[in-house]
């Protein structure tokens, strides 16, 4: 009898003698999550601390990893010392070291960011001179790069997660257009055939959450600088990633701890989101998840 067949016989026997059967043991298996990005995932303590905090608070053994060079204090997060990845998608996809990192890491999820907005928008879109857009890259080239990464992720046994970069706060009017580009990426990646099959891609709409938050809190109480969020903003992105990767309702979580700067000792005092702020964030995240789960 095969191993699988033996497992089924044992499970049937346990049910027949009245032993309750559940998938709890399977749910507690460790999941490895690679955050593949630069400062959007790592700035001032990053997203990984609070992401793990949400997971551990729910009894889930999700481990967060980052390719960014090891900071002074990792707070239990393992860093892979890859260093800073390139700034645009074609350069990322052309880097064999990144593909090797994905193939050899035994990850369950790989979270990709679409990179800087200026590389995604067509060159005929007029942006202010201070937008630091870089050279515009055609959609087809960006998609081909994402497709190459997606193929490596799928063949490694992991699932691709596409994170909608919230972007600079100075240019709110372009965010809807950027979100539409992400949605095209999502649809086109899921339409790809890899070894004869199509594979799901999880789309995490952080850009909309941050737009909601800046209307509620104002730019100065949400952004650390023009491109990076403060601890509460990072908490919100971690909450959203936790929800989209696990399917858990964040409103059932009492986790409120904010990430610490990498230079602060892990034994230092913790800071927490206010109850009302954490509740609002969890409500908004669950609203997005239940209305558009992918």
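Put in order of Cβ neighbour count within 10 Å, fewest first, the listed residues 280, 124 become 124, 280.
Highest mean packing first, where packing is the average number of other Cβ atoms within 10 Å per residue, the peptides 33-40, 181-188, 165-172 line up as 33-40, 165-172, 181-188.
Let me check against my output: what whole-number percent is the relative contact order of the stretch 33-163, with C-alpha pairs under 8 Å and at least 6 apart? Once divided by the residue count of the stretch 33-163, the mean separation gives 25 percent. Let me know the Kirkwood hydrodynamic radius for the stretch 146-294, please, with Cα pairs as the basis and the value in Å to one decimal. That comes to 16.7 Å for the stretch 146-294.
Counting only DSSP beta bridges whose two residues both lie in the stretch 27-291, roughly 15 percent are antiparallel.
Taking every C-alpha pair closer than 8 Å and separated by at least 6 residues, the mean separation divided by the residue count of the chain gives a relative contact order of 18 percent.
Within the listed set 173, 221, 249, the residue fluctuating most in the Gaussian network model of the chain (springs between alpha-carbon atoms under 10 angstrom) is 173.
Using the number of other C-beta atoms within 10 angstrom as an exposure proxy, rank 164, 240 with the fewest first. Please report the intermediate quantities before stating the final value.
Values: 164 25, 240 29.
Exposure proxy ranking, most exposed first: 164, 240.
The label-point distance for residue 287 and residue 215, in a model that sets each label 7 Å from Cα toward Cβ, rounds to 0.8 nm.
In this structure, residue 224 and residue 252 have a Cβ-Cβ separation that, at R0 = 25 Å, corresponds to a calculated FRET efficiency of about 0.30.
Mind checking which of 247, 229, 46 has the largest fluctuation in a GNM of the chain, springs on alpha carbons under 10 Å? Result: 247 has the largest fluctuation of those listed. Taking the inverse of the mean 1/r over every pair of distinct Cα atoms in the stretch 219-273 gives a Kirkwood hydrodynamic radius of 12.6 Å.
Considering only 62, 139, 223, the Gaussian network model of the chain with Cα springs below 10 Å gives its largest mean-square fluctuation to 139.
Taken over the chain, the ratio of Cα radius of gyration to 2.2 N^0.38 Å equals 1.05.
Per-residue counts of other Cβ atoms within 10 Å, averaged by peptide: what ranking do you get for 205-211, 284-290, highest first?
Working: 205-211: 21.0, 284-290: 17.4.
Packing order, densest peptide first, comes out as 205-211, 284-290.
Each part reduced to its alpha carbon centroid, the stretch 187-258 and the stretch 131-186 end up 14 Å apart.
When only C-alpha pairs under 8 Å and at least 6 residues apart count, what is the relative contact order of the stretch 204-294, in percent?
After rounding, I find 30 percent.
Residues 84, 103, 151, ranked from the fewest to the most other C-beta atoms within 10 Å, line up as 84, 103, 151. Extension gain, residue 266-residue 190: 0.36 nm per intervening residue step, less the Cα-Cα distance, totals 23.4 nm.
Per residue of the chain, the DSSP helices (runs of n ≥ 4 H) give a summed -39500 (n - 2.57) that works out to -13500 deg cm²/dmol at 222 nm.
Each value in this text was obtained by applying a stated rule to the coordinates, not by laboratory testing. In this text, all values refer to a predicted model and were calculated from it rather than measured experimentally. Virtual Cβ from ideal backbone geometry, glycine too; neighbours counted across all protein chains shown.
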